């Protein structure tokens, strides 16, 4: 990989600089030695520059600017976009555009792809991206086959692309950015992108006054209990979340339900809500800053019945519930506690916590189950502390304890630019057997081989930006797509395969 080569070059540069310092301090060297070292140093720097240039040219990057977002004719603008739920939750239509154009990648050559965001670089990456963007990676070759950055004409972007999701049919990509002096007072924008062209189609925004936490965060597609396509948009950050929104991607992304403080009767914590396999129950963190700092495990999970609007509070789920993973049969839900570094197990029939164990990593964030659901992977982000974690823990779900059967060192160090890793998405092909891990302060998507439990690949972002969240989608030659897995976990096709594997089929 280009970035691995860059790292090797810079290690050589550091070593050579140390040698130069030693020489300067009176070491027994000749002028010929000094000339040789200088030549090697110059050559190394040139190689590094060339590698960076090669990295930047690995895939064409389409920077979509405000002037290129040709608005649709006035007669084509959606009218009456607002619904009672969008008004109640504070979500508004800001703009619509003509998103037609040439295909962003060859769907026949790359029918199964992984979408992830490319946000503002938060670390010393090879290139410093500042714009919100998305990238498209071939699920098998691991090559970036499409990429776009979005310049909407603002002087400064904040919280750029801190999450990405797709509609269940893979037609739409959802990501975001914030403009203004900061996330607490800024204006949160939701970018809705045509997946086929990677052009902006719609922009929504919120300036909801209740929480002041104006930042979109996680997005996930799902199919509800009636077979309707839906997209869940989470709002908020830290231990303060909401309101959240459920959109209809087939009806101009109108809001069909807002989830607010008033609906739940209490505070919402981190913006990491998910929907269970049946598409009927929404799981929302119950938390707040004071709960996160409490000496007692007083956080919980709001379980919302999307059909009846009934709400149940599942209590005593740590102090800062974040990541969630649902079993394929819908019987259990696992919750990561980012502050207590534990994992909780919920019985979905009784709505009670039936177990908890150490996450095996500090500050766990995302969770993911393997194919037969005997292992639960905890993503060690360092949430609530250093936020610079790059390790993965493994919990044996049969004993509900840290796995001791794997002949590997725990936790698993990912290497590369792993820093503040967050989400882990299971590859849709069980024969591939990989976790794709996003990397909030790094500049790569990291692939973990679940057969060897070693890092298999580092996929560099085309502009050096960080990644957050991801989604696998499979298309046919006519661009009919199906969402297979995202931050909410596997979806229908993968759940069916999981159940076959679990039941020995």
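Just so you know, all these numbers are worked out from the coordinates, no wet-lab data involved. Just so it is clear, the model here is predicted, and its values are computed rather than measured. Here the Cβ positions follow ideal geometry from the backbone for every residue, glycine too, while neighbour counts run over all protein chains shown.
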(message) How far apart, in nanometres, would the label points at residue 374 and residue 108 be if each is projected 7 angstrom from Cα along the Cα-to-Cβ direction?
(response) 4.3 nm
(request) Can you tell me the equivalent ellipsoid semi-axes for region 235-359? Use √(5λ) from the Cα gyration tensor, largest first, whole Å. (result) 23, 17, 12
(message) Could you work out how much longer the chain between residue 451 and residue 128 gets when fully extended? Use 0.36 nm per residue separation minus the Cα distance between them, nm to one decimal.
(response) 112.8 nm
(message) So the label point goes 7 Å from the Cα of residue 429 along Cα→C-beta, right? Which residues of region 469-505 then have their backbone N under 12 Å from it?
(response) none
(request) Jot down the per residue volume, in cubic angstrom and as a whole number, of the convex hull over the alpha-carbon atoms of region 62-502. (result) 131 Å³
(request) Give me the distance in nm between label points sitting 7 Å out from Cα along the Cα-to-Cβ direction at residue 225 and residue 500, one decimal. (result) 2.8 nm
(request) Sticking with the crude label model, points 7 Å out along Cα→Cβ, report the distance from residue 262 to residue 396 in nm, one decimal please. (result) 5.1 nm
(request) Rounded to the nearest 0.05, what FRET efficiency do residue 329 and residue 480 give with R0 = 25 Å and r taken as the Cβ-Cβ distance? Could you check? (result) 0.30
(request) Would you order 324, 127, 268 from fewest to most other beta-carbon atoms within 10 Å of each residue's own beta-carbon? (result) 127, 324, 268
(request) Please provide three numbers in whole Å: the alpha-carbon extents of region 80-168 along the principal axes, with the largest listed first. (result) 45, 35, 22
(message) Give me 154, 495, 334 sorted ascending by neighbouring Cβ count inside 10 Å, so fewest comes first.
(response) 154, 495, 334
(message) Order these by the 10 Å Cβ neighbour count, fewest first: 106, 466, 337.
(response) 106, 337, 466
(request) Return the FRET efficiency for the residue pair residue 404, residue 141: r is the Cβ-Cβ distance, R0 is 35 Å, and the value is rounded to the nearest 0.05. (result) 0.50
(request) Any chance you could get the radius of gyration and Dmax over the Cα atoms of region 324-455, in Å? (result) 13.8, 43
